[in-house]
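Read the structure below first, then the notes.
The values are calculated or read from the model by the stated rules, or taken from the named source; none is laboratory data. Keep in mind that this is a model prediction, so the values were computed, not measured. Glycine also receives a Cβ, built like all others from the backbone with ideal geometry; neighbour counts cover every protein chain displayed.
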Amino acid sequence: MSGLWSLLCLLGISLTYVSCQTTDTTINETDAAINETDVPVVNRKSRILNGWVSEERDYRYLVSVMRLTNDVPTLLCGGAIIHRRYILTGAHCVHKYRSIDLVVRSGGVEAAHPSTPQKERRSFHRVVKTFFPRQYANTPCRKHQHDIAILKVQQIFDLSDDTRYRKVILPEQDADYEGVYGVVTGYGPDYHRESNTTNQPHGIENYYLQYVNKVRALTLVVIPNEVCQERASVVITEKTICAQTCVPNAQTCFEDDGGPLVHGGVIIGILNDRQCNPEIPEMFTRVSKYLYFIKNVLEHQISYDIVVR
């Protein structure tokens with residue numbers, strides 16, 4: 001069945017989906033994920049191996065989770081704004097760090113030119129508390145389970161400034177998104193191929209990783225968990241949501257994990273730990289199964305089953 005599903009996806013045929021569009025039309029804010037009633041239109045010329053290059057304004061909910069070492073930030077993962085003081089990310093990204101060592105960056109990567117400081121869109125938010133389920137276990141076979149965390153920041157995201165910030169909407173309890181499209185975004189590295197070929201992991205030709213100063217986005221279709229289980233090396237539960245791309249050789253990569261899978265402005269998944277492996281589906285924590293956790297943190301009702309750091 002997995003082969004049939006892949007074929008249907010590549011042909012743009014689905015049960016309830018709209019087709020994957022790949023016309024030579026540039027993406028614009030109307031087509032972006034924040035208003036994604038349809039799949040964003042993609043410019044083939046700007047497509048990179050991990051997706052397409054987009055603009056920060058199209059994904060104002062996206063943030064970077066970073067670790068501070070001697071006040072120098074290093075990218076760990078992606079995340080999404082869910083409240084003016086909270087962001088959602090993966091537990092595997094932050095569970096081993098102190099909150100004081102973490103910072104959240106919003107507004108993109110590039111600094112404003114020194115001659116126009118008023119155009120600075122980035123902002124840095126110190127993390128004051130980290131929350132994740134006590135059930136989370138960072139083991140090779142289980143670290144995708146309960147892989148969800150909430151970071152509380154000191155400086156709020158001014159959601160009244162719609163040009164810089166926008167929060168994602170939480171899904172309904174136990175909502176099932178099988179067969180719908182979503183967009184995953186991130187700031188992780190991109191693969192670039194060199195002219196000569198050698199045997200590389202996962203069949204990728206001679207490559208190197210390069211960070212780019214743009215958001216990259218990738219359209220995915222949510223597939224049945226039983227199809228996902230046929231190709232996954234770990235046990236898939238109802239708290240996992242799986243998806244695959246309709247674009248050959250496109251995938252998420254290192255440090256894209258923790259980033260949001262968004263459908264119609266609703267965050268439906270959080271990307272699990274990735275190793276740039278195109279042979280397995282993209283796996284996400286199913287957000288609709290953790291609304292109790294999110295609600296308890298946002299309402300300051302911290303119980304024993306929540307770890308606070």
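Summary table below
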read-out	value
Selection within region 269-283 - surrounded by fewer than 19 Cβ atoms within 10 Å (Cβ to Cβ) and of a type in the set (Asp, Glu)	Asp273, Glu279
Flag for Leu298 being out of contact with any Gly (no Cβ under 7 Å at 6 or more places or on another chain), more than 23 Å from Arg142 (Cβ to Cβ) and modelled with pLDDT of 85 or more	yes
Search result, residues across region 285-309 that are closer than 24 Å to Gly186 by Cβ and either among the β-branched types (Val, Ile, Thr) or free of Cβ contacts under 8 Å to residues at least 60 places away in the same chain (or both)	Thr285, Arg286, Val287, Ile294, Val297
Near pairs, Cβ below 6 angstrom, 6+ apart or cross-chain, from region 262-282 (over 23 Å from Val94 (Cα atoms)) to any residue that is of a type in the set (Ser, Thr, Tyr) and surrounded by 24 or more Cβ atoms within 10 Å (Cβ to Cβ)	none
Wholly within region 190-238, strands (runs of 3 or more DSSP E) carrying at least 1 residues that are surrounded by 15 or more Cβ atoms within 10 Å (Cβ to Cβ), modelled with pLDDT of 55 or more and among the acidic types (Asp, Glu)	190-193
Filter result (at pLDDT 90 or above, among the polar types (S, T, N, Q) and farther than 10 Å from Leu261 by Cβ) within region 158-187	Ser160, Gln173
Residue that is nearest to Glu238 (Cα to Cα), among those in region 138-168 that are crowded, with 19+ Cβ neighbours inside 10 Å and among the hydrophobic types (A, V, I, L, M, F, W, C)	Ile148
The lone exception for Asp256 - which of (1) in contact with a Pro (Cβ under 8 Å, 6 or more places away or on another chain); (2) more than 14 Å from Val221 (Cα to Cα); (3) in a loop (DSSP other than H, G, I, E, B) it fails	(1)
All positions within region 143-167 that are part of a loop (DSSP other than H, G, I, E, B), out of contact with any helix residue (DSSP H, G or I) (no Cβ under 9 Å at 6 or more places or on another chain) and under 22 Å from Arg85 (Cα atoms)	Gln154, Gln155, Ile156, Phe157, Asp158, Leu159, Ser160, Asp161, Asp162, Tyr165, Lys167
When residues of region 51-60 are limited to those that are over 11 Å from Gly186 (Cα atoms) and of a type in the set (Asp, Glu), the one modelled with the lowest pLDDT	Glu55
Residues of region 264-293 that turn out to be under 12 Å from the mean Cα position of the chain (by Cα) and assigned to a strand (DSSP E or B), as a count	9
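Every residue, every condition in (1) of a type in the set (A, V, I, L, M, F, W, C); (2) more than 15 Å from Thr185 (Cα to Cα); (3) at pLDDT below 50, yes or no:
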residue: Leu62; (1), (2), (3): yes, no, no
residue: Thr69; (1), (2), (3): no, yes, no
residue: Ile82; (1), (2), (3): yes, yes, no
residue: Arg98; (1), (2), (3): no, yes, no
residue: Gly108; (1), (2), (3): no, no, no
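Residues are listed down the side, and each one gets a yes or a no for (1) polar (S, T, N, Q); (2) buried (at least 18 other Cβ atoms within 10 Å of the Cβ); (3) at pLDDT below 95:
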| position | (1), (2), (3) |
| --- | --- |
| Gln244 | yes, yes, yes |
| Gln251 | yes, yes, yes |
| Asp257 | no, yes, yes |
| Val262 | no, yes, no |
| Ile267 | no, yes, no |
| Tyr290 | no, yes, no |
| Phe293 | no, yes, no |
| Tyr304 | no, no, yes |
